[in-house]
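Down below is the structure, laid out as structure tokens.
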Amino acid sequence: MKVTLLLCMFAGLTCAKALAADGPLSVLPIDVVLDYNYGTGHLHNGTGAPLYPLNPDYWPRFIAELRRTPPQVLIVGKEAPFTHSLGPIASYGGENQTFPAIGGKDGRYRLTPDQTRQRIAAIRKFVDEVHAAGVPKVMPYVSLITMFGEPEKRIGFWEFYDHWDEYAKDFDLGPRPEGDPLDWAQRDKEGKTYFKWGPDKPHYKPFRRFTVCVNHPGWRAWCHAFTRWIARVGYDGLWIDNAVEQRCYCRYCKAEGERIGQPLVPQQFGDLAQRAAQRVWLESHLRLWDELRKEGERIRPGFGIYVNYIEIPDNVAVTSHADL
């Protein structure tokens, strides 16, 4: 059964009613709570100390409230073992471009392997307690097209990439993808780096925000790696933001166009060419979603894909591939 989300914002939370699109109107809607938790974090349950010490004022109250009124779906912020856009970092919560401070300092610093284990312990505790409180499904925020860093200074995601081998074996990340993460960025018709959003907003500094191509094998390998860890700690799926945000003409997108019989030709213009290109990009995202669902299901049966998609043109195709 497909559902439609109706959202209302209050007190820093988003509560939603997911209405059945094809069922009887007498069926009660699904309760969805969006808790990005920009302040005191879900990870301060004591298990991840000393990285995330217990917050005795917040944690017991949070769990008690969940037990009192458990939603059917709880969506949290960037509280995955490995953050999609930066790798193993201390910060948590928030959506794509927000990184709450940790211990009074910028939380975007890279964790050591031992600190990463503390983070994983805190997340497992959080997910286990949320399930025990009566919440059937809980999932973290991810974006499959966003990477932060500065390639020349080798900071942000590039710092993690340069230290990949320190994590690869213990955390089953697989071999480090060949090349450089800069190659993973989307490309415009002229082959230049494409930015969906301005890359140099003040709160990004000292990083830049890169828009990544879901067809690049290096980025896809990373998406599979962080999805495995999301499933391992007990999450029930991915909450995917920036769905189908693709305007890429790289060689991998062109190859995908050939594969589906829809050549991606940068020299073509007009509505027909744009619709043809959009089909290539849509199919690229749908294919990755299907792969990540299977990746998660191998570890946690029932692992799902939940999508934040606010545009109209591909709504039917998107909802047919998403679980919410």
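Key figures for this structure:
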| read-out | value |
| --- | --- |
| Signed unit charges on C-beta, dipole axis of the chain, positive-most listed residue CYS248, THR211, GLY93 | GLY93 |
| Nonlocal amide H pairs with VAL138, under 5 Å, H built at 1.01 Å | LEU74, ASP236 |
| Net charge, VAL127 excluded, C-beta distance under 13 Å - Lys, Arg +1, Asp, Glu -1 | +2 |
| Rounded FRET efficiency, nearest 0.05, which uses the C-beta distance separating ASP180 from THR112 and R0 of 25 Å | 0.60 |
| Net charge dipole size for the chain [Lys, Arg +1 and Asp, Glu -1 on Cβ; Debye, nearest 20] | 100 debye |
| The range 229-241 - phi-based ³J(HN,Hα) in whole Hz, Karplus 6.51/-1.76/1.60, Gly and Pro as x | 6, 4, 6, 4, 7, x, 5, 9, x, 10, 9, 9, 9 |
| Full-stretch length increase - LEU54, GLU258 - with 0.36 nm per residue and alpha-carbon distance subtracted | 68.1 nm |
| Sorted by Cβ neighbour density within 10 Å, fewest at the top, the residues LYS78, LYS153 | LYS153, LYS78 |
| Shape of the chain, Cα gyration tensor, a/c cut at 1.5 | oblate |
| Greater than 28 Å apart at Cα, pairs in LYS196/LYS254; LYS254/LYS294; LYS201/LYS294; LYS105/LYS153; LYS169/LYS201; LYS192/LYS294 | LYS201/LYS294; LYS169/LYS201; LYS192/LYS294 |
| J(HN,Hα) series, the range 52-65, from Karplus relation 6.51 cos²θ - 1.76 cosθ + 1.60, nearest Hz, glycine and proline x | 10, x, 4, 9, x, 7, 9, 4, x, 5, 4, 5, 4, 5 |
| In the range 45-97, GluC sites (Glu not before Pro) in a DSSP loop with at most 11 other beta-carbon atoms within 10 Å | none |
| Loop-located GluC sites (Glu not before Pro) in the range 172-252 whose Cβ has at most 14 other Cβ within 10 Å (DSSP) | GLU178, GLU190 |
| Alpha-carbon centroids, the range 201-218 and the range 58-136: separation in whole Å | 22 Å |
| Counted charge near ILE89, where neighbours are those whose Cβ lies closer than 11 Å (Asp, Glu -1; Lys, Arg +1) | +2 |
| Shape call, the range 218-324: gyration tensor on alpha carbons, a/c limit 1.5 | prolate |
| Net charge contributed by nearby residues that have their C-beta within less than 15 Å of LYS169 (K/R +1, D/E -1) | -2 |
| Expected 222 nm ellipticity per residue - DSSP helices of 4 or more, -39500 (n - 2.57), all of the chain, to 500 | -10000 deg cm²/dmol |
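Bear in mind these aren't lab numbers, they're just calculated from the coordinates by the rules spelled out. The structure presented is a predicted model; accordingly, all values stated were derived computationally and were not measured. Positions of Cβ are backbone-derived with ideal geometry, glycine not excepted, and every protein chain shown enters the neighbour counts.
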